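The values are calculated or read from the model by the stated rules, or taken from the named source; none is laboratory data. This one's a predicted model, so the numbers in the text were calculated from it and none came from an experiment. Counting neighbours? That spans all protein chains shown, and the Cβs are built from the backbone with ideal geometry, glycine included. Calculation scope for accessible area: heavy atoms of the full protein, side chains included, ligands and nucleic acids excluded. Shrake-Rupley method; radii C 1.70, N 1.55, O 1.52, S 1.80 Å.
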2 protein chains.
Amino acid sequence: MAALDSASLLLGSSVRGLNSFLDTSTIIALSVFFALLCACIIIGHLLHGNRWANESILALLLGLCAGVVVLLVTKEENSRILSFSENLFFLYLLPPIIFNAGFQVKKKQFFKNFSTILLFGVFGTLISFCVISVGVFLLFEKLGITALNVKQHLAIGAILSATDSVCTLQVLSQDETPFLYSIVFGEGVVNDATSIVLFNAVQSLDVSDINGLTVLQLLGNFLYLFFTSTILGIVAGLLSAFIIKTLYFGRHSTDREVALMMLMAYLSYMLAELLDLSGILTVFFCGIVMSHYTWHNVTESSRITTKHAFATISFIAETFIFLYVGMDALDIEKWKASKASPATSIAVSATLFGLVLVGRAAFVFPIANISNLIKKRDSAKIEFRRQFIIWWAGLMRGAVTIALSYSEFSSSSGTSSTSSEDNLMITCTIIVVLFSTIVFGSITKPLIEAVLLRHYKPAVSDATDFPSIEDLRSLFIENGAESSSQQESNAPSRSSLRLLMTHPHITVHYLWRKFDDKFMRPVFGGRGFVPYVPGSPAEPGSPAQPAHENQENNI
Amino acid sequence: MAALDSASLLLGSSVRGLNSFLDTSTIIALSVFFALLCACIIIGHLLHGNRWANESILALLLGLCAGVVVLLVTKEENSRILSFSENLFFLYLLPPIIFNAGFQVKKKQFFKNFSTILLFGVFGTLISFCVISVGVFLLFEKLGITALNVKQHLAIGAILSATDSVCTLQVLSQDETPFLYSIVFGEGVVNDATSIVLFNAVQSLDVSDINGLTVLQLLGNFLYLFFTSTILGIVAGLLSAFIIKTLYFGRHSTDREVALMMLMAYLSYMLAELLDLSGILTVFFCGIVMSHYTWHNVTESSRITTKHAFATISFIAETFIFLYVGMDALDIEKWKASKASPATSIAVSATLFGLVLVGRAAFVFPIANISNLIKKRDSAKIEFRRQFIIWWAGLMRGAVTIALSYSEFSSSSGTSSTSSEDNLMITCTIIVVLFSTIVFGSITKPLIEAVLLRHYKPAVSDATDFPSIEDLRSLFIENGAESSSQQESNAPSRSSLRLLMTHPHITVHYLWRKFDDKFMRPVFGGRGFVPYVPGSPAEPGSPAQPAHENQENNI
């Protein structure tokens, strides 16, 4: 089995057997990957309930095992049957994962913590970037690594600031710990965007001319990216809602609705990348808008299909990434090319990981405490226990880190002329990713149970962290929504003015709901604003079409 | 916009902008394709009910238009933003289409006509292959084309014998004309396998040593491929049913069930290709088995999801293929390289298409009449009107033809040294494909209405072509199934012996049902043999999970 690169996945190799149009190596690679994916699902199901294991770690370990097998079969020539490709990752695997995250996220919880998420995601990532860059600059000289220039030091900071939102999704439960989930996962999405922006900024940085203006430019660039990306995602989502509502696709075919939702979500990602925006942010907000409007405009069958199909595709992509990372880790050529002794590798990896720990601590605790100072109510504050979990759960590094690391250290000047220190950086990044995923991925779940849930068992998990406000809000909003649909009474607006002082985000939510009901939903559809479509039109075929009556009330 | 080849889709190009990890050209290509796909769906929906148009033709025309635009933008340099890749087609686009066809096919109708389908698919394709090969051999000399060798003449026969099952699916309706649908589509699937086997056989043929044994070897090879591919598909389907039934995935997650079904279907295709079998046949039978067993073992949500998700993916792949073919047709380099005058191109294309017409007529009418002679009942016979439609609906040539043509005439000795006659063959194949798809694709639907449905309007379409047998059978099978589950009475077996003489396929069906109920379903699950699983387990997320009670009776 020869070393294949990802090109052979799509490109017909010139070496082809007489009996096949397809090159055997691609088919072998795909067969192995699909067999491993099946194994992951089955073993993952059998391990369900085991709190130490999850599918990410399982896939990583299976990938490592497969790598060892391939290494033995090819007589230590190569462990990979597919090399890591940034295009495969950024174009095909990441978009469905992030889109599904936006599609399934609990919107209320997410927007309630929006300011905290932004603080962590933007300023936190910046602090982490600075700490890691400076740390690398100071410590690497002591380890004897001197070949890296200033730009590469900054790049390492950006690379290692990217937390892994994929593994976080599996470790944290949206039901048990909704507050932590929305903070850590929301931070992960914003953080992905921030670190990619930072990385790109570092790439195009003119090192000889750094001044105060550079920092301002960076900030302006980030804000521009953040808002344009978000708006593009919202526009794409609203467009899909409008098209599906106006053209009433369900009349003919539920499959076209599903196809259009998939294609438009993907198109929004591609357009964002085309315009040099952050596709991740775009597709995330596209997912949120689609779940708020488009999802309510389609037939009952389409709702069930999209919900599960998106989750399934995302699940397969996640598992695929971890398999891929596991298999890629044993790439013998890279280890040989790094020329470093095991001791140096371990020292560098430990240094990097230590900096990750410090870099994250340097922003989680300060930002959480500052945010606590601003909030008046005790129940709204983030206590130390939770700060610790936020710090801990965001330490995992994943595929984004590896992809950025390859981008910086392998393709800069062709694979052949890559220096041994560049290879050392790649192998050490891989060690950090493997270590953090396996160790933190397996410990986090039991840790959360031990630290948090044990103390909160009597209450209904940490969803009750704003008990009085939550109650007040739901009461208030239910009344407000009802009264606004019945009569345009002034009472809610008066009370909203009073509430704006005391509980700003409740008022924002209420005003948004009013705006949504009055202007957005009549145009773009949404819950209660589209006529009920029972199932899809009569569709033949062996798997019979079940009727979906009496379900409107459940949605 | 430079000419991109498909390699850039997955392979990171070495030319990359500072501000992006992904090469812009890939993103442009993907954006254009996804935007065109969206346009296809929307325009297709607006054209719904127009009997001249369908999505295949629309996609083809949109692809052509996009090709013209790209041609103008790049100043006649290139019309393609993606070149046709056999790997992309055979590995990613064809499997979901064929799997979905097997998954949604009406199994009763398909197996009732199984012998006729096999006759058409195997012997028909062989006859067509011989007629076209001999015709090309005799006629091409008169057109002044002499550079082709015997092997290439035979290859043209195999290439043009591959009917297009994708467009057939859109033109024929499984509801209005179930008999024709099952014959023409079933023939299409078997025919794909046959012509690929023929093509491979021709490729590896030792031309200098052809004798009677070669024909026998070819036949033996085909039979081996047919049976092993079918068995592999059935085994993969049964395995998925067994795993999902035994492990009871729905308990934890409906997404894993869906993922496992997708992955195992795809794995069966890959394994078949790895073993040099016909992946198309394998994945088709895998789809049939999955819809008969696996589909009944999963949760209600998974059933709806798989049914619509598979149909959606297949729909997107079909549309993508036609867009691709349309865009690829205007590849200016190929037209320049063929060096033939327009007159020669048209003459060669017309000759090829004439041979396709004759080749198909040479087997449809004889085989249909022979099959009529064997059948005793008048209602079972295929009358001339239907023979004509079978002939007509199978004249379309599609992506398989183009893929085989590229395989034979472009990659045999590298692109640069391809002779002008090889290029002429490719361009003429494209003309035949475009002409047959656009003309026959748009005329077939109205033609069927004019020829068939007008005469059959009073009856419930041509589903009633075996009225007495159908009634008898349904009555008989319902009774048989019930009595066998209640008591092991001897009455059905006695009557089955009598029936075996008069109506063999009814008896086969009855015996199969008995075997299925007694041995297969208890092990692999199936309708009525798995405990009812209401929906999926509690799943959080914004698109709320509707409960699926009271639906068991609908399935």
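So the values come out like this:
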| item | result |
| --- | --- |
| A:Phe137-B:Ala35 FRET efficiency (beta carbon distance; Förster radius 56 Å; 0.05 resolution) | 0.80 |
| Pair A:Lys75, B:Thr214: separation of 7 Å Cα→Cβ label points (nm) | 4.0 |
| Accessible area buried between chains A and B, both sides summed, probe 1.4 Å, in Å² to nearest 100 | 9100 |
| Average other protein chain Cβ within 10 Å of Cβ, residues B:153-161 | 0 |
| Along each principal axis, Cα extent of the range B:109-226, largest first, Å | 48, 34, 16 |
| Cα shape, the range A:59-152, gyration tensor, a/c 1.5 rule | oblate |
| Label distances, nm, B:Phe435 versus same residue in remaining copies, Cβ-directed 7 Å point | 6.9 |
| Which listed pairs, of A:Lys381/A:Lys518; B:Lys381/B:Lys445; A:Lys151/A:Lys339, have C-alpha distances above 28 Å, in listed order | A:Lys381/A:Lys518 |
| A:Glu383 accessible area, assembled protein chains, probe 1.4 Å, Å² | 60 |
| Inter-copy separations for A:Leu143, label at 7 Å along Cα-Cβ, nm, ascending | 6.8 |
| Residues of the range A:141-182 with amide N under 18 Å of the 7 Å Cα→Cβ point at A:Ser420 | A:141-149 |
| Computed E for A:Phe435/B:Arg527 - FRET, C-beta separation, R0 56 angstrom, nearest 0.05 | 0.70 |
| Residue-averaged beta-carbon neighbours from other chains (10 angstrom radius) around A:34-40 | 5 |
| Cβ charges +1 (Lys, Arg) and -1 (Asp, Glu), total dipole of the range A:107-212, debye | 160 |
| Simple spin-label estimate for B:Cys130 and B:Asp175 in nanometres, 7 Å along Cα-Cβ | 4.2 |
| Convex hull volume per residue in cubic angstrom - Cα atoms of the range B:251-371 | 190 |
| Neighbouring partner chain Cβ atoms per residue of B:98-106, average, 10 Å criterion | 2 |
| Peptides ranked, highest mean first, by Cβ atoms within 10 Å: ranges A:519-525, B:435-441, A:98-104 | A:98-104, B:435-441, A:519-525 |
| For the range A:175-266: Kirkwood Rh in Å [reciprocal of mean 1/r, alpha carbons] | 16.6 |
| Inter-label distance for B:Thr344 and B:Phe114, nm, one decimal - labels placed 7 Å from Cα along Cα-to-Cβ | 5.0 |
| Solvent-accessible surface ranking, highest first, for B:Thr444, A:Thr351 at 1.4 angstrom | A:Thr351, B:Thr444 |
| Shape call, the range B:190-330: gyration tensor on alpha carbons, a/c limit 1.5 | oblate |
| Sequence-separation-based contact order of the range B:176-277, relative, with Cα cut under 8 Å and 6+ spacing, percent | 26 |
